[in-house]
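The values are calculated or read from the model by the stated rules, or taken from the named source; none is laboratory data. Small disclaimer: the values here were computed from a predicted structure and weren't measured. Virtual Cβ from ideal backbone geometry, glycine too; neighbours counted across all protein chains shown.
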Amino acid sequence: MTRFPPRTDRSTRGRSHLLERYIARSLLWPTLQLAGVLLAIMLLERGLRLLQEISALGIPGRYLGPLLIRLVPYYAQQALPFGFVVAVILVLSRMGRNREWEAMASAGISPSRIARIMALTACVVAAATLVISGFIEPLGRHGYRRLHAVAVNEARLVAIRPGAIYDRIPGVMLTASGNRHGHLEGVFVRLENGPQGPLLVSAHSAAIRVAQDPPTLQFVLERGEMLIGGVRAVQFDRITLNHPMMLEQTRWKRGRDVRELTLLELTDLPPGDPAGQRRQLAELYGKVARAMGLLALPWIALPLLAGSRGERRWMAVATIAFLVVAYYHSVNLSRNLGASGEIALTRMAGVTALLPVLAGALVWRLGSGVRQHAPVTLPFTLPRLRFGAGPRWRHRWPSLPRGMPDLLTGYLVGKLAAMTLAVLAGLVLILQVIDLLERGETLVAAGEGLAGFLRYAWLRLPATVLQAGPLAMLGGGLLAFALLRSSNELVAIHGQGISAAGVLLRVSIVPICFGLLLVGVSEVWSPRAQVAYTAWWGKLDPATSAPTGQSRRWFRIGPDLVEVGAAEKSSTVLRDVRIYQVAADRQKLREWVHADEARWNGAGWTLHRAERWNPAGGPALQVEQSSSWQTKLKPAPLARFLAAPVPLTGRDAWLAARDSVPIDRADTVYDTRLYMTVSLAIVPMLMLFLATALVVVPRKEVVLGQCLFQAATAGLAYLVLDGWLQVLGQSGSVPPPLAVAAAPLLFGTFALELILNSETNI
């Protein structure tokens, strides 16, 4: 019998190339899509943080876009690998569901050949990641730092908001009643280093300039009064005061931070600097290792996911996720240990490179059954969990009233609540991972270990919940209604005469409760967690530590400007207290009091050993051993203010309007925060409006994917617009009520109109 050699004609080669293109296209396109989604989420999260920083520091809003553009490479080199990991999992899972393994086996295609094709695709993704992280991201990082320094310097000149206390420059305190494009009105200034001691100046108007050589802050004041030595008042029409200052460096040479060096520059080691050499080699290793780790992913994922079903598939996904996280964590740990000189670089690189090789070999050995397309046998199994279904589910609602409408309401509420919580958990997890990627270097360098990562995640959890809350409500509504539409349940509901508005009315309890939950997190949990986080993180990174109660603090309480030198922990005793009573227009100093001590007597404050200067009393100081201080201030809110900077709550804003708490920010900041508390309770209902309008509303032609995309786009647009308007409200550019209410009214009106118009389509 004659044996013919295998066919190698063009058709065979064509089928081989077709398979390669199919697998490569199935991986690359989802990778780009997922990376784009992750990049958008990362930029959105960072954009919201930048908006908060812009509001706090007074950075001009025009810097937001350029700053985010310079951050795109940094987040892209993180999003691309994670997008590839998720794409591999999704593609292999889909191939298992569609029985593509059996089809390939019948065509004589081995799993190892598929793995080689996936490995070649991984090489392309790894090369792209290495190019971004090694050449583009360092330039973007340097450009971001330079532009941020320019923005901070400019903010020092234009960030003075009406009513705010400006004390960011050492030795200077300034407040004004108005600010028109940098031209101040109603100005009160205290300069610590005057020619004859502290200098107090009140003026009708002022302009601020900066002299570059040397860096000097110049105050050009017009029509005012100057108090010299605390006792002698001098009238003036125009005067210029100079104060030395330090500016943020904007023209430093790239490379001060090794993270700003490209791959080629990292290989150029500085001679005679062993510490610098270690840092550069560690950074080079980290960039290369993070990209090359993708090469081992196909050899790990394929044996685990091929042929696995049900619980085994979820166990395989969990195993892949664990191995990926472990690898990247080991890379970061090794890089930091190598930079500090605790382990040798060669040993560090060898151990990290060996990890994916051993994992791949082990998994491939465990998954040898893939060659027969059998499920992978793992050395561990999932416990069987039963999530009550069928008749058992009904017994969990003993109080549910009888009747079809009530059953429908309970069913819709349960599905919406479950989907909302699931989306919230997913978004929180994604945002936490993104945040940990940025902060992980500091935690590892401080030797915190796993406990530090868990503590950081717990303290940042409330802030993350507030960020993800609106999108979670939108995503939960989209998923719940999409499932109802895909199973034709919405058709049955509309057939019973229930409109989109009726569906919305039945599930309205969910966004109401969710909104109240977000308000509770914002007012109670988040401030306490932020205080603990600030204190803990200040110890890990002293450069970011906040001033303590021992440092001098300025605040405003009613008509008084107060400076406190030191305070006891309970704030019942204040030392080295200076009180300045200034006219409402900030154009004249009414009275100045300096007391060695201010003590709380249970009903009010008593000043001890006080020096008082009053223009009506003559040029001499009045010395009083004891006198009262008429103010609504109490020790409890003062202690909270002096302990550390804490997030502003709606209750603080409400008390600030009644002169009951110390404030150091503009009145518009407090007004905006008060309205934001109300808005936070309404936003979930608005997000459900959007989901209902785009998915539940009956239409002649409905493309579900298009509806989901429209709703997601609308939700993201709302968050960006709302965040931007809030910044404008805090700066005083837009009235706070309008700044907070504009976005909800605009989007809510649009969604409500679609819902109400659907009544005619039923």
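Brief remarks on what is shown
- The helices (runs of 4 or more DSSP H) located wholly in segment 287-375 that include 1 or more residues which are at pLDDT 75 or above occupy 297-305, 311-340.
- Lone qualifier among Gly497, Gly452 - being of a type outside the set (D, E, K, R), surrounded by fewer than 20 Cβ atoms within 10 Å (Cβ to Cβ) and not in a helix (DSSP H, G or I): Gly497
- Thr420 being modelled with pLDDT of 90 or more and assigned by TED's automatic domain parsing to the domain that holds Gly520: yes
The rows are residues; the columns are (1) among the small types (Gly, Ala, Ser); (2) touching a residue at least 24 places away in the same chain (Cβ under 8 Å); (3) under 20 Å from His142 (Cβ atoms).
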residue	(1), (2), (3)
Leu261	no, yes, yes
Gly272	yes, no, no
Arg279	no, yes, yes
Val288	no, yes, no
Met292	no, yes, no
Ala296	yes, yes, no
Trp299	no, yes, no
Met315	no, yes, no
Ile320	no, yes, no
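- So Val531, is it under 27 Å from Thr677 (Cα atoms), β-branched (Val, Ile, Thr) and at pLDDT 85 or above: no
- Cβ pairs under 9 Å, 6+ apart, first in segment 447-472 and at positive phi, second surrounded by 19 or more Cβ atoms within 10 Å (Cβ to Cβ): Gly449/Leu443
- Test: residue in segment 474-494 that is touching a Gly at 6+ places or on another chain (Cβ under 6 Å), closer than 20 Å to Ala418 by Cβ and part of a helix (DSSP H, G or I): yes
- Within segment 279-311, being among the charged types (D, E, K, R) and crowded, with 18+ Cβ neighbours inside 10 Å holds for Arg279, Glu283, Lys287, Arg290.
- Residue within segment 124-137 that is assigned by TED's automatic domain parsing to the domain that holds Leu264, in contact with an Asp or Glu (Cβ under 9 Å, 6 or more places away or on another chain) and of a type outside the set (D, E, K, R) present: no
- Residues in segment 685-704 include at least one that is surrounded by fewer than 22 Cβ atoms within 10 Å (Cβ to Cβ) and modelled with pLDDT of 80 or more.
- Applying the criterion of at least 2 residues that are of a type in the set (S, T, N, Q) and crowded, with 18+ Cβ neighbours inside 10 Å to the helices (runs of 4 or more DSSP H) found wholly in segment 23-137 leaves 64-97, 111-131.
- Residue in segment 500-523 that is in contact with a Lys or Arg (Cβ under 9 Å, 6 or more places away or on another chain) and modelled with pLDDT under 85 present: no
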